[in-house]
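Enquirer: Handing you a structure now.
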Amino acid sequence: HKSRPRHITSRLLHGAGGQQPAVDTDDPVAMALSLAEALQRDLGMTPEQFVAQADTAAQLGDKAGEWSKAFQDAFGGVWLNDFGEGVVGVATVFPDDGGEKKVDPKAASELREAAEDAGFVVQDVALSQSELESRLKEVKSVVEGLPQDQRDLITGVEADQNRGAVVVTTDGQF
């Protein structure tokens, strides 16, 4: 998404609350220095690390669409790990009602090979991205059917590709 880096830059320079910038944004040198300081302070990374991770994320994004179509039942999503490496999830089993539905081993193998050839780390995951998205829709539907006072306690419903699970977060006010 092209506006994302600007959004991140804006948050780093303006802060999460959107306060006025402490740097003159018309001065490119002052802005670059301030951004470098903010990257180190807020994200614990150098500008070079940020650019490298952004490049890796862009490469993952480019491949994700292609792989999700070509290997739909095996594609388990993409993300950056804690080291900034691009990771491609490869689903190995669909735990359906009986837990017996297997992912096509040929598709999983081809996806694994394509990801490694592209220079990414491969991680086995329990669910394909399409299966995880299907479960996310189911959980959101259940949440929407709850009484309003219960829905108000829920702050988020997200798919967690790393864990192969739908995660429901609450405000902790039970």
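Enquirer: Take the residues in segment 93-111 that are assigned to a loop (DSSP other than H, G, I, E, B) and surrounded by fewer than 17 Cβ atoms within 10 Å (Cβ to Cβ); name whichever of them is modelled with the lowest pLDDT.
Expert: By that ranking, first place goes to ASP97.
Enquirer: Can you name the residue in segment 43-61 that is touching a helix residue (DSSP H, G or I) at 6+ places or on another chain (Cβ under 6 Å) and assigned to a helix (DSSP H, G or I) and is also farthest from GLY86 (Cα to Cα) among such residues?
Expert: PRO47
Enquirer: Looking at segment 71-93 only, could you name the residues that are farther than 16 Å from ASP117 by Cα and in contact with a helix residue (DSSP H, G or I) (Cβ under 8 Å, 6 or more places away or on another chain)?
Expert: Scanning segment 71-93 gives GLN72, ASP73, ALA74, GLY76, GLY77, TRP79, LEU80, GLY84, ALA91, THR92.
Enquirer: For segment 1-36, name all the residues that are surrounded by 15 or more Cβ atoms within 10 Å (Cβ to Cβ) and at pLDDT 80 or above.
Expert: MET31, SER34, LEU35, ALA36
Enquirer: Moving on to the next point. Could you check segment 148-164 and list, in sequence order, the residues that are out of contact with any helix residue (DSSP H, G or I) (no Cβ under 9 Å at 6 or more places or on another chain) and not charged (D, E, K, R)?
Expert: GLN148, LEU153, THR155, GLY156, ASN162
Enquirer: Additional query: Pairs please, first residue from segment 130-153 and closer than 29 Å to GLY89 by Cα, second anywhere and charged (D, E, K, R) and open to solvent by 90 Å² or more (accessible area, probe 1.4 Å), Cβ atoms under 8 Å, 6+ apart in sequence or on different chains.
Expert: Cβ pairs passing all conditions: LEU136/GLU158.
Enquirer: Looking only at segment 68-81, which residues are open to solvent by 50 Å² or more (accessible area, probe 1.4 Å) and more than 14 Å from the chain's Cα centre (by Cα)?
Expert: Correct list: LYS69, ALA70, GLN72, ASP73.
Enquirer: Only one of (1) in a helix (DSSP H, G or I); (2) modelled with pLDDT of 90 or more; (3) over 23 Å from ALA52 (Cα atoms); (4) within 21 Å of the chain's Cα centre (by Cα) is not met by GLY65, so which one is it?
Expert: Result: GLY65 passes all but (3).
The values are calculated or read from the model by the stated rules, or taken from the named source; none is laboratory data. These numbers were taken from a predicted model, which means no experiment stands behind them. Heads up, the Cβs are rebuilt from the backbone with ideal geometry, glycines too, and the neighbour counts pull from every protein chain shown. Calculation scope for accessible area: heavy atoms of the full protein, side chains included, ligands and nucleic acids excluded. Shrake-Rupley method; radii C 1.70, N 1.55, O 1.52, S 1.80 Å.
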